[in-house]
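Enquirer: This is the structure I want to talk about, given as structure tokens.
Quick note: the coordinates plus some simple rules give every number you see, no bench work behind them. Small disclaimer: the values here were computed from a predicted structure and weren't measured. Every residue, glycine among them, receives a Cβ derived from its backbone with ideal geometry; neighbour counts consider all protein chains shown.
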Amino acid sequence: MRYAHIVGWGKALPQRIMTNDDLARIVDTSDAWIRERTGIVERRIAGPHETTATLAIAAAKEALEVAGLSGHQVDLIIVATATPEHIFPSTASLVQDALGADHAGAFDLSAACSGFVYALSMGADAIKAGSAETVLVIGAETLSRIVNWSDRSTCVLFGDGAGAVVLQAREQPGGVMATLLRSDGSGAELLILPAGGSKMPITPEALAQNLHTIKMNGREVYRFASRILDRAAREVIQKAGWNPEQVDLFVPHQANLRIIESAARALNIPMDKVFCNIQSYGNTSAASIPIALAEAAATGRLRPGDRVVMVGFGGGLTWAAAAVQWSEPRAFHRKGRTWRQLGYSLAGLRSRARRLLRHVEDRIFGSLDPALSNGKSSTPANRPRPQEQSTTSEQKR
Ligand code: ACO
């Protein structure tokens with residue numbers, strides 16, 4: 001039997017820190033209100049050159065480093081994000097290119113704040129089914145780019161960052177033991193980015209009404225989250241064949257400290273078994289759980305053999321949970337590190353070379369095909385157009 005073990009982890013956070021006091025200079029709020037209602041003290045905000053892809057790439061490199069693997073050894077890359085680099089191409093394809101992961105498939109996954117746990121489940125299933133050996137699962141966000149900085153009810157909540165894990169097939173039991181994925185689309189409008197999709201393209205009117213920024217019914221989302229967090233945890237614990245007392249660490253989505261505390265009470269899990277870093281980063285949506293996992297592993301809160309339960313919830317509405325037995329990272333080879341760095345530099349050069357080659361091909365071969373070279377139809381003047389062709393066959397009948 002194949003098991004999907006987490007063998008590497010990493011995180012990337014923008015340098016710039018925005019404190020509650022900084023926010024109080026922008027909107028009518030206060031450090032006391034934000035701390036008391038949410039538990040957030042500060043968050044990270046992406047700089048002009050930081051994007052969802054750059055953060056995802058940095059977190060992925062760190063995770064591969066812990067796993068002692070190169071991009072070349074990855075079979076599948078899944079980026080969970082609500083703030084992709086573009087609608088298409090996928091952010092995952094940009095990550096694949098930067099890592100030189102030339103044997104990997106790559107796609108983005110959209111399930112808002114539940115996205116990382118959804119992606120972890122997809123990645124583990126690909127390993128268990130035998131279609132992949134090594135999967136890179138990333139949660140990455142630049143929510144600061146879609147926040148309305150004049151709406152105090154939302155702008156105080158969110159932050160930017162990325163986290164990543166490497167899943168790898170092993171024969172011995174452990175790794176992702178059970179997952180649970182759920183959705184309730186009747187609550188779609190409770191947390192929504194109204195404009196920028198097929199229903200409402202971005203127009204000057206949409207921009208004027210700030211419809212390209214996050215709209216949230218905070219109270220309803222709060223009620224939903226408080227209801228499902230402990231329920232989903234309980235269900236996945238049962239699915240894994242564990243009981244709540246056996247859980248060593250509970251890693252919930254970091255949206256609001258009050259929601260986390262009430263779920264811990266309902267589950268009868270003491271707060272020292274609950275990982276919280278919301279005070280430092282705010283709500284980083286799909287990135288919050290992998291960032292928390294990377295910090296928990298780095299600080300010794302997660303050790304090999306530990307049972308960890310993670311629960312994500314958010315827009316959709318969606319929620320998802322996973323029960324994971326934590327694994328040993330692969331042996332760390334310092335020598336391998338130099339090779340991996342060299343591999344990334346070569347990947348960059350190769351990517352540039354491919355772009356150049358495409359450009360040259362276009363100049364040479366494009367001119368041989370009139371359809372490609374000047375946009376005119378390649379249909380010879382004397383060949384009937386499709387419309388005319390169908391008329392001709394009609395007439396024949
Ligand atoms: N500073 C000061 N006052 C504020 C602020 C602020 N930043 N924001 C709202 N208020 C005011 C409101 O205007 C309201 O004033 P009023 O009573 O005069 O109308 C008052 O504070 C209370 O507002 P509530 O919305 O009732 O405040 P609540 O205690 O519910 O806290 C919060 C609001 C923090 C947003 C809470 O509802 C919450 O955390 N909801 C869940 C949000 C969440 O988790 N979202 C993410 C889900 S995951 C994802 O997919 C992105």
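Enquirer: If you stretched the chain out fully between Leu356 and Lys128, how much longer would it get, using 0.36 nm times the residue separation minus the C-alpha to C-alpha distance? It would help to have the intermediate numbers written out before the result.
Expert: Values: separation 228, 0.36 × 228 = 82.08 nm, distance 3.92 nm.
Contour length minus the Cα-Cα distance gives 78.2 nm.
Enquirer: Testing the spin-label approximation: label points 7 Å from Cα along Cα→Cβ at Asp21 and Glu328. State their distance in nm.
Expert: Between Asp21 and Glu328, the simple spin-label model gives 4.8 nm.
Enquirer: Quick check on the exposure proxy: order Met271, Met122, Met1, Met177 from fewest to most C-beta atoms within 10 angstrom. Please list the in-between numbers first.
Expert: Numbers: Met271 13, Met122 18, Met1 6, Met177 21.
Lowest count first: Met1, Met271, Met122, Met177.
Enquirer: Only counting other Cβ atoms within 10 Å, I'd like Ile146, Ile26, Ile40, Ile269 sorted with the fewest neighbours first. Each step should come with its number before you reach the end.
Expert: Values: Ile146 16, Ile26 13, Ile40 26, Ile269 19.
With the sparsest Cβ surroundings first, the list reads Ile26, Ile146, Ile269, Ile40.
Enquirer: Considering amide H positions built from the backbone, and no H for Pro or chain starts, which residues 5 or more places from Ala178, or on another chain, come under 5 Å of its amide H?
Expert: Ala323
Enquirer: Hey, another quick one. Can you show me the helix-derived [θ] at 222 nm for the chain, built from DSSP H runs with n ≥ 4 at -39,500 (n - 2.57) apiece and divided by the number of residues, rounded to the nearest 500.
Expert: Numbers: 14 runs with 157 residues, N = 397.
About -12000 deg cm²/dmol.
Enquirer: Tabulate in residue order the Karplus-calculated ³J(HN,Hα) for the stretch 183-195, using 6.51 cos²θ - 1.76 cosθ + 1.60 with θ = phi - 60°, rounded to whole Hz; enter x for Gly and Pro.
Expert: 8, 9, x, 5, x, 4, 7, 6, 8, 8, 10, x, 9
Enquirer: Count the lysine pairs in the chain whose Cα atoms lie under 20 Å apart, taking only pairs 8 or more positions apart in sequence or on different chains. Mind showing how you got there, number by number?
Expert: Values: Lys11/Lys61; Lys61/Lys335; Lys128/Lys239; Lys199/Lys215.
Pairs that pass both the separation and distance tests number 4.
Enquirer: Give the separation of the Cα centroids, the stretch 238-252 to the stretch 273-342, in Å.
Expert: 16 Å
Enquirer: A further question follows. Toward the positive end of the charge dipole of the chain, about the Cα centre and with charges on Cβ (Lys, Arg +1; Asp, Glu -1), which of Gln254, Val166, Ala322 goes farthest?
Expert: Looking along the dipole axis, the top candidate is Val166.
Enquirer: Can you tell me how much longer the chain between Arg182 and Phe365 gets when fully stretched, taken as 0.36 nm per residue apart minus their C-alpha distance, in nm with one decimal?
Expert: On the way: separation 183, 0.36 × 183 = 65.88 nm, distance 4.97 nm.
Length gained, Arg182 through Phe365: 60.9 nm.
Enquirer: List the residue ranges in the chain for DSSP H helices whose C-alpha atoms run 20 angstrom or more along the long axis and whose Kyte-Doolittle average is 1.0 or above. Intermediate results must be reported in sequence, preceding the final value.
Expert: Values: long enough: 52-67 (22 Å, 1.04); 218-239 (31 Å, -0.61); 334-365 (46 Å, -0.93).
Membrane-span-like by this rule: 52-67.
Enquirer: Once label points are set 7 Å from the Cα along Cα→Cβ at both Glu189 and Arg35, what is their separation, rounded to one decimal in nm?
Expert: My value for the distance between the label points is 3.8 nm.
Enquirer: Shifting gears a bit: Most exposed first by the Cβ proxy, i.e. fewest other Cβ within 10 Å, how do Arg219, Arg231 rank?
Expert: Values: Arg219 10, Arg231 18.
Neighbour counts put them in this order, fewest first: Arg219, Arg231.
Enquirer: Let me ask something else about it. So what is Rg over Rh here for the chain, counting just Cα atoms and using Kirkwood for Rh?
Expert: Working: Rg = 23.8 Å, Rh = 22.5 Å.
With Rh from the inverse mean 1/r over Cα pairs, Rg/Rh is 1.06.
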